[in-house]
Structures are given as C-alpha cells and as structure tokens.
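Engineer: Here you go, one structure.
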Amino acid sequence: NAGVMQNPRHLVRRRGQEARLRCSPMKGHSHVYWYRQLPEEGLKFMVYLQKENIIDESGMPKERFSAEFPKEGPSILRIQQVVRGDSAAYFCASSGTRYNEQFFGPGTRLTVL
Amino acid sequence: DQQVKQNSPSLSVQEGRISILNCDYTNSMFDYFLWYKKYPAEGPTFLISISSIKDKNEDGRFTVFLNKSAKHLSLHIVPSQPGDSAVYFCAAMNTGTASKLTFGTGTRLQVTL
C-alpha cells in the first residue's frame with residue numbers, strides 16, 4: 001500500500017494524558033501536513049513539516065501541541081495534557097515536490113474522556 | 001474568519017441528474033483550488049483542481065468552474081450516481097507563499113435513486 005498511513009485509527013485518552021499520533025507519508029514524499037477536523041466543521045491546517053524541519057506551524061495551538069518529522073521514521077503529532085476540546089479527527093497529508101497535490105491519510109479519531 | 005465558504009450544508013439530487021456544489025472565497029491571494037470528496041471514517045480523496053489562470057477544468061463526469069471576479073467556484077457532477085453520495089470539501093491555497101490548504105465546511109451530497 002503506497003498511500004499515507006496513520007496510526008492509531010482510534011485513540012481514547014483521559015483528560016491530562018498524552019496523545020501521540022503517527023503519520024507515514026506516501027513513498028517518495030518529503031512534505032507532511034497535519035489538519036484537524038472538529039465535529040461538523042471543515043479541516044483546519046495545523047502544521048507543515050519537511051524532514052527535520054517545521055516549515056509553517058501557524059495553525060498549531062501555542063501550548064500542549066508539538067509536531068516532528070525526523071530523518072527516519074514517521075511524523076508525530078503530540079498533544080500533552082489532553083482536554084475534552086481536543087477530541088477531533090486528525091488528518092495527515094503528504095506531497096512530493098508538487099505541494100499543491102496533497103494526499104490524505106485515513107485519519108486518527110481522538111476521543112478525550 | 002472563514003476564508004472559504006460552502007453555504008449549502010446539504011444537497012439532494014436524483015440519480016442521473018446534475019449535481020452543482022458551490023464555494024465562495026474571500027482571500028484574493030488564493031490561486032489554486034481543489035475539491036475533495038470524503039466518506040465517513042475516511043480521509044479526504046482528491047477529485048479535481050483548477051489554477052486561477054483557468055476558468056474551467058474537466059475530468060470525466062466532474063467539471064470545476066472558476067469565476068475569479070466573483071471569487072466563486074463550483075463543481076458539476078454529470079450524471080450523478082449513488083456512489084457520489086459523500087461530503088464534498090472545497091479547498092484553496094496560495095501557491096506563492098504557503099502550502100497549507102484552507103478548507104470550506106463541506107456540503108453533504110445525497111444522490112437518490
């Protein structure tokens with residue numbers, strides 16, 4: 001399967017715990033984007049990364065959220081001390097050099113109890 | 001500030017007829033527009049796109065029209081099929097300065113028999 005992979009598909013956390021969401025881009029893609037979809041809303045951009053670099057994090061909440069895309073391995077979106085308002089679907093997309101062609105993964109549905 | 005708007009949350013069309021989904025934008029810096037289709041519990045799937053230098057792009061049953069002066073685009077699906085039932089998102093980007101996509105809130109299309 002050469003598509004964008006995300007895991008886990010579903011994640012349940014209690015308030016105050018940490019959530020780690022993983023994204024493996026399509027083969028050959030070096031650009032990764034994270035988006036969040038709250039219930040009944042469109043997708044909202046969070047962060048754009050290339051290998052070992054954060055290019056644009058203008059959509060990331062200032063606290064508790066961080067993202068990385070290491071030289072080896074998947075991109076990680078990390079949410080510390082989760083709150084109920086973090087419950088959402090988190091989508092990862094990847095692109096090659098034609099960054100206007102973004103391909104999305106199936107998403108991780110985070111539920112905070 | 002909602003820079004990309006889809007004012008119709010839902011649309012119902014009979015099989016075989018034309019489906020027209022509309023999208024408006026406010027940011028004049030957007031120069032590339034995309035339509036994505038999304039099924040429940042899946043990630044968005046790219047459908048069709050258009051650059052601001054064009055006013056029409058066609059791919060099989062799908063045609064996107066762009067009216068730059070009105071900051072409006074539309075997606076036409078002809079003929080509509082039951083498998084087209086999904087949520088359709090309009091997205092826009094400024095290819096010169098950013099790679100992030102700005103999404104509308106989506107239109108749920110139901111194609112009835």
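We did not get these values from a lab; they are worked out from the coordinates using the rules stated. Note that the structure is predicted; figures quoted are calculated from it, not measured. Neighbour counts are summed over all protein chains in view; Cβ atoms, including those assigned to glycine, are modelled from backbone coordinates with ideal geometry.
Engineer: Quick one: if you stick a label point 7 Å off each Cα along the C-beta vector at residue B:81 and residue B:97, how many nm between them?
Structural biologist: Distance between label points: 4.1 nm.
Engineer: May I pose another question? Pick from B:99, B:74, B:51: which is most flexible by mean-square fluctuation in a GNM of chain B where alpha carbon atoms under 10 Å apart are linked?
Structural biologist: B:99
Engineer: Taking a label point 7 Å from the Cα of residue B:113 along the Cα→Cβ vector, which residues of the range B:62-86 have an amide N closer than 16 Å to it?
Structural biologist: Within reach of a label on residue B:113: B:81-85.
Engineer: Also, I was wondering about something else. Tabulate in residue order the Karplus-calculated ³J(HN,Hα) for the range A:27-32, using 6.51 cos²θ - 1.76 cosθ + 1.60 with θ = phi - 60°, rounded to whole Hz; enter x for Gly and Pro.
Structural biologist: 4, x, 8, 10, 10, 10
Engineer: Rounded to a whole number of µm²/s, how large is the Stokes-Einstein D of chain A at 37 °C and 0.692 mPa s, given Rh as the Kirkwood radius over C-alpha pairs? All intermediate terms of the calculation are to be shown ahead of the outcome.
Structural biologist: Values: Rh = 13.9 Å.
My calculation gives 236 µm²/s for D.
Engineer: Which lysines have a Cα lying under 18 Å from the Cα of residue B:38, excluding residues fewer than 8 positions away in the same chain?
Structural biologist: A:44, B:5
Engineer: Please list 3J(HN,Hα) in residue order for the range A:78-83, calculated via the Karplus relation 6.51 cos²θ - 1.76 cosθ + 1.60 where θ = phi - 60°; whole Hz, with x for glycine and proline.
Structural biologist: Running phi through 6.51 cos²θ - 1.76 cosθ + 1.60 with θ = phi - 60° gives 10, 10, 8, 6, 4, 10 Hz.
Engineer: On to the next question. Choose one answer from B:87, B:64, B:78: the residue with the largest mean-square fluctuation in a GNM of chain B with alpha-carbon springs under 10 Å.
Structural biologist: Largest GNM mean-square fluctuation: B:78.
Engineer: Across the range B:6-11, in residue order, what do the Karplus-derived ³J(HN,Hα) couplings come to in whole Hz, using 6.51 cos²θ - 1.76 cosθ + 1.60 with θ = phi - 60° and x for Gly and Pro?
Structural biologist: 10, 7, 9, x, 8, 8
Engineer: On average, how many beta carbons from a partner chain sit within 10 Å of the beta carbon of a residue in B:4-17?
Structural biologist: That average works out to 0.
Engineer: Still on this structure, I have one more. Going Cα to Cα from residue A:71, which lysines come in below 20 Å? Please leave out same-chain ones fewer than 8 positions away.
Structural biologist: A:27, A:51
Engineer: Another question, then. Roughly how big is the range A:1-97's charge dipole about its Cα centre, with Cβ charges of +1 (Lys, Arg) and -1 (Asp, Glu), in debye to the nearest 20?
Structural biologist: For the range A:1-97, the charge dipole is close to 360 debye.
Engineer: Here's something else I'd like to know. Mind telling me which of A:43, A:21, A:77 comes out most flexible in a GNM of chain A, alpha-carbon contacts under 10 Å?
Structural biologist: Residue with maximal mean-square fluctuation among A:43, A:21, A:77: A:43.
Engineer: Roughly what % of DSSP beta bridges within the protein assembly as shown run antiparallel, to the nearest 5? Let's see the in-between values first.
Structural biologist: On the way: 70 of 79 bridges.
Approximately 90 percent, going by the DSSP bridge assignments.
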